[in-house]
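Presented below is the structure to which this report refers.
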Amino acid sequence: MWKFPKDFLFGYSWSGFQFEMGLEGSEVPNSDWWVWVHDTENIFSGLVSGHLPENGPAYWHLYKQDHDIAEGLGMEAIRGGIEWARLFPKPTFDVKVDIEKDEDGNIVAVDVPERAIEEMEKLADMKALEHYREIYSDWKGRGKVFILNLYHWPLPLWLHDPIAVRRLGPDRAPSGWLDERSVVEFVKFAAFVAYHLNDLVDMWSTMNEPNVVYEQGYTRPNSGFPPGYLSFESSTKAARNMAQAHARAYDVIKEHSKAPVGLIYSFVWHDALNEEAEDIVKEIRKRHYEFVTAVHSGSSGLLGERPDMKGKLDWIGVNYYTRVAYRMNNGSIEVPPGYGYMCERGGFAKSGRPASDFGWEIYPEGLENILRDLHRIYGLPMMITENGIADAADRYRPYYLVSHLKAVHSAMEAGADVRGYLHWSLTDNYEWAQGFRMRFGLVHVDFETKKRYLRPSALAFREIATRKEIPEELSHLADLTPLMRD
Ligand SMILES: OC[C@@H]1[C@@H](O)[C@H](O)[C@@H](O)c2[nH]c(CCc3ccccc3)c[n+]21
C-alpha cells in the first residue's frame, strides 16, 4: 500500500534522565532536573508530579532487554543520549581551552586540545563513560544504526541550580544557559564525548529541543520546567547561548568524527483557524524556525549576521506531536483552548479529533505540513526523531502511528528527504513534570517489577517496520474518522 524506501530507518528515541534510572546504582542526583523534581515546594505546589526518576524503567541496567524488544519489533535505529551530569559530577571550568572571539565579543571558535581532554578524564566518571560504551556497543553489535544526542535537558548542578535561580535570580546563582560559560563548557563536553565514543556513532545531534528549554523554562513558569523564572529577556539570552553552543560543538565534533552533525528540534504546526489569522501565523512560523535558521544560514533575528554560524547543520531531527491553533478575534490574535496542546486530557478537540491522556489533539496533517516547509526552506536530510502519544490504554496509538506515518509518506512523495522514523517511545518512561502519569510506550512498563509488556500498537509497528510499508490491512488506521466526535 504505502511503501517506504528499503533503507528507511524505523526505530525509537530515548533520553538519559527519563530512561536510565530505576535500579540501585543508576541514580544521577547532581543535575538541575533531579533537584527540581525532588524539591518539596515543587511537589506540594503541584508543579511537578512527586514521582521520582530513580523509579524509572532502569534502562541503565536493562538495556539488553529493551534492545531485544526493539530488534524484535523490526527496529534498526535508536537515538540515544548521554547525561552530562553523570559524566561530569565535578565542574570543568578550570580546564583551559583556546577561545577565539570576534570584535563584538562573540565566541567564534573553541579549540579543545588533547591535553584538555586528558585533564577532563581526571574529572570525569570514567566508569560511567565505559558503561555508555557497553550500552551503545550492544546495539551497534547487532548491526544497527546509533544516533547520539548530547544534550536532552538536564544540566550539571554546578552549572545550573534552578531552585537558587528562582529564589535569588540568575545573577546570584549558577544560571545554566544564561551563563556565557555554558557555551564553552558544553563544547568541552561535546569534544570529550566525540573523542571517546566517535567509533560508535553513525549520526550526531548536539541538542534535543533547545526551544523547549528556553521557552518553558523562562516564559512558562507553570510548565513545571526549571528554573520557572519568568523573563523573556532570559529566554532570548538562553536561546542565543544555546545556538552558539550548538555551532561550536558542531565544529569540535567534526574534529573527531566524519559522521553528520544535526540538531533535534521541537516543531509544532502553527495553524490559522480563520482567514484573518493567516498573515500573523506565517510570521509566527518563521519565528518558530529562527533557531534552526541561525545555525543553518548564519543570518537570523536571533543572532543577526554571524558568518561563523553558517552551515552548522547537516541534518534536522523533527520532533512532532500536535499543532498550535490561532484565531484572530476583533483584531487581536488568540490561542483558543480546545486545539493542539490545549485540549481536555482524554477528551476531544473542538475539531472533533480525540486528545491524548496529555490533552494533545491528534493532528497528523501538521507533520506533513512541517516536513514540506522544512524541505522548502532548508532542503536538508531529516529524521523524525520523536512522534508518539500519551495513551496508557493504547486506544489511539495504532491510529496515531499509522496516520503520522502516512503524513511522512505524503511529505516524502512531495520531495522531503526523510531518512527515518523514530517513535517516542519504545517503553513508558519518566515524563518530566508529569512523572509516570503519561505513558508514551509501545511497550507498557510495570515500574514496580520493571517488567515490559507489548501493547497492541507494538504489533502494528512491527508489521510496518519489518515490511517497510503501511500494508493494506493497516491502512484504515490512517483515517481518524472512526475516532472523531462531532
Ligand atoms: O512529552 C513527550 C516528549 C518528552 O518525553 C521528550 O523528552 C521531549 O523531547 C518531548 N518534546 C515534546 C514536544 C514539546 C513538549 C515537551 C514537553 C511538554 C510539552 C511539549 C514532547 N516530548
Within the range 369-401, take every residue that is within 16 Å of the ligand (Cβ to nearest atom) and among the β-branched types (Val, Ile, Thr) and give me the one that is surrounded by the fewest Cβ atoms within 10 Å (Cβ to Cβ). ILE370
Does ILE370 satisfy being within 20 Å of the chain's Cα centre (by Cα), at pLDDT 95 or above and assigned to a helix (DSSP H, G or I)? yes
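How about the range 436-453: which of its residues are over 18 Å from GLY80 (Cβ atoms) and crowded, with 20+ Cβ neighbours inside 10 Å?
We begin by selecting, within the range 436-453, every residue over 18 Å from GLY80 (Cβ atoms); these are 436-439, 444, 446-451, 453.
Once the filter is applied, which keeps residues that are over 18 Å from GLY80 (Cβ atoms) and crowded, with 20+ Cβ neighbours inside 10 Å, the range 436-453 yields MET438, ARG439.
Do the conditions hold for TYR430, that is, is it in contact (Cβ under 8 Å) with a residue 40 or more places away in the chain and either closer than 30 Å to TRP34 by Cα or within 16 Å of the ligand (Cβ to nearest atom) (or both)? Step through it out loud before you land on a result.
On the way: in contact (Cβ under 8 Å) with a residue 40 or more places away in the chain: yes; either closer than 30 Å to TRP34 by Cα or within 16 Å of the ligand (Cβ to nearest atom) (or both): yes.
Against the criterion (in contact (Cβ under 8 Å) with a residue 40 or more places away in the chain and either closer than 30 Å to TRP34 by Cα or within 16 Å of the ligand (Cβ to nearest atom) (or both)), TYR430 qualifies.
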Go through the range 9-47 and count every residue that is surrounded by fewer than 21 Cβ atoms within 10 Å (Cβ to Cβ), in contact with a Gly (Cβ under 6 Å, 6 or more places away or on another chain) and part of a loop (DSSP other than H, G, I, E, B). 1
Filter the range 225-238 for residues that are touching a residue at least 60 places away in the same chain (Cβ under 8 Å) and buried (at least 20 other Cβ atoms within 10 Å of the Cβ); the one that is nearest to the ligand (Cβ to nearest atom) is PHE225
Could you tell me which numbered condition GLY311 fails, if it satisfies all but one of (1) among the small types (Gly, Ala, Ser); (2) under 27 Å from LYS237 (Cα atoms); (3) crowded, with 21+ Cβ neighbours inside 10 Å? (3)
Residue under evaluation PRO456, criteria (1) buried (at least 17 other Cβ atoms within 10 Å of the Cβ); (2) of a type outside the set (S, T, N, Q); (3) more than 16 Å from the ligand (Cβ to nearest atom), criterion not met: (1)
Checking GLU130 against (1) touching a helix residue (DSSP H, G or I) at 6+ places or on another chain (Cβ under 9 Å); (2) under 26 Å from THR427 (Cβ atoms); (3) assigned to a helix (DSSP H, G or I), which single condition isn't satisfied? (1)
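Here are PHE186, PHE146: which of them is in contact with a helix residue (DSSP H, G or I) (Cβ under 6 Å, 6 or more places away or on another chain), surrounded by 19 or more Cβ atoms within 10 Å (Cβ to Cβ) and not in a helix (DSSP H, G or I)? Give the steps one after another, and end with the answer.
Values: PHE186 fails: not in a helix (DSSP H, G or I).
Testing whether each residue is in contact with a helix residue (DSSP H, G or I) (Cβ under 6 Å, 6 or more places away or on another chain), surrounded by 19 or more Cβ atoms within 10 Å (Cβ to Cβ) and not in a helix (DSSP H, G or I) leaves just PHE146.
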State which residue is nearest to SER45 (Cα to Cα) when the search covers only the range 205-234 and only residues that are in a loop (DSSP other than H, G, I, E, B) and touching a helix residue (DSSP H, G or I) at 6+ places or on another chain (Cβ under 8 Å). GLY224
Select the helices (runs of 4 or more DSSP H) contained entirely in the range 375-478, then report the ones holding at least 2 residues which are in contact with a helix residue (DSSP H, G or I) (Cβ under 9 Å, 6 or more places away or on another chain) and farther than 19 Å from ILE362 by Cβ. 456-467
Within the range 360-380, residues being over 19 Å from LYS282 (Cβ atoms) and either of a type in the set (Phe, Trp, Tyr) or without any contact (Cβ under 8 Å) to a residue 12 or more places away in the chain (or both) number 1
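VAL295: among the β-branched types (Val, Ile, Thr) and under 23 Å from TRP204 (Cα atoms), yes or no? Steps first, answer last, please.
Numbers: among the β-branched types (Val, Ile, Thr): yes; under 23 Å from TRP204 (Cα atoms): yes.
Considered against the rule, which asks whether it is among the β-branched types (Val, Ile, Thr) and under 23 Å from TRP204 (Cα atoms), VAL295 comes out as yes.
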Might you let me know whether the range 68-81 holds any residue that is touching a residue at least 24 places away in the same chain (Cβ under 8 Å), out of contact with any Leu (no Cβ under 8 Å at 6 or more places or on another chain) and crowded, with 19+ Cβ neighbours inside 10 Å? no
Touching a strand residue (DSSP E or B) at 6+ places or on another chain (Cβ under 8 Å), outside any helix (DSSP H, G or I) and away from the ligand (no atom under 16 Å from the Cβ), is that true of TRP177? no
Filter the range 281-328 for residues that are away from the ligand (no atom under 16 Å from the Cβ) and assigned to a strand (DSSP E or B); which is farthest from PHE358 (Cα to Cα)? GLU305
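Just wondering, is there one or more residues in the range 409-423 that are hydroxyl-bearing (Ser, Thr, Tyr), farther than 20 Å from SER266 by Cβ, more than 16 Å from the ligand (Cβ to nearest atom) and surrounded by fewer than 23 Cβ atoms within 10 Å (Cβ to Cβ)? First the steps, then the outcome.
Initially, the range 409-423 is screened for residues hydroxyl-bearing (Ser, Thr, Tyr), giving 410, 421.
From what's left, farther than 20 Å from SER266 by Cβ: 410.
Still in the running and more than 16 Å from the ligand (Cβ to nearest atom): 410.
Among the residues that remain, those that are also surrounded by fewer than 23 Cβ atoms within 10 Å (Cβ to Cβ) are: 410.
Checking the range 409-423: at least one residue is hydroxyl-bearing (Ser, Thr, Tyr), farther than 20 Å from SER266 by Cβ, more than 16 Å from the ligand (Cβ to nearest atom) and surrounded by fewer than 23 Cβ atoms within 10 Å (Cβ to Cβ).
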Among the residues of the range 194-213, count how many are within 11 Å of the ligand (Cβ to nearest atom) and within 16 Å of GLY11 (Cβ to Cβ). 1
If I ask for residues that are under 18 Å from the mean Cα position of the chain (by Cα) and over 24 Å from LEU302 (Cα atoms), which ones from the range 173-201 would you list? VAL201
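Yes or no: LYS237 assigned to a helix (DSSP H, G or I), of a type in the set (Lys, Arg), within 21 Å of PHE17 (Cα to Cα) and at pLDDT 95 or above?
Numbers: assigned to a helix (DSSP H, G or I): yes; of a type in the set (Lys, Arg): yes; within 21 Å of PHE17 (Cα to Cα): no; at pLDDT 95 or above: yes.
Spelling it out, it is not the case that LYS237 is assigned to a helix (DSSP H, G or I), of a type in the set (Lys, Arg), within 21 Å of PHE17 (Cα to Cα) and at pLDDT 95 or above.
The values are calculated or read from the model by the stated rules, or taken from the named source; none is laboratory data. The model shown is predicted, which means the values in this text are computed figures rather than measured ones. Note that each Cβ is placed from the backbone with ideal geometry, even for glycine, and that neighbours are counted across all protein chains shown.
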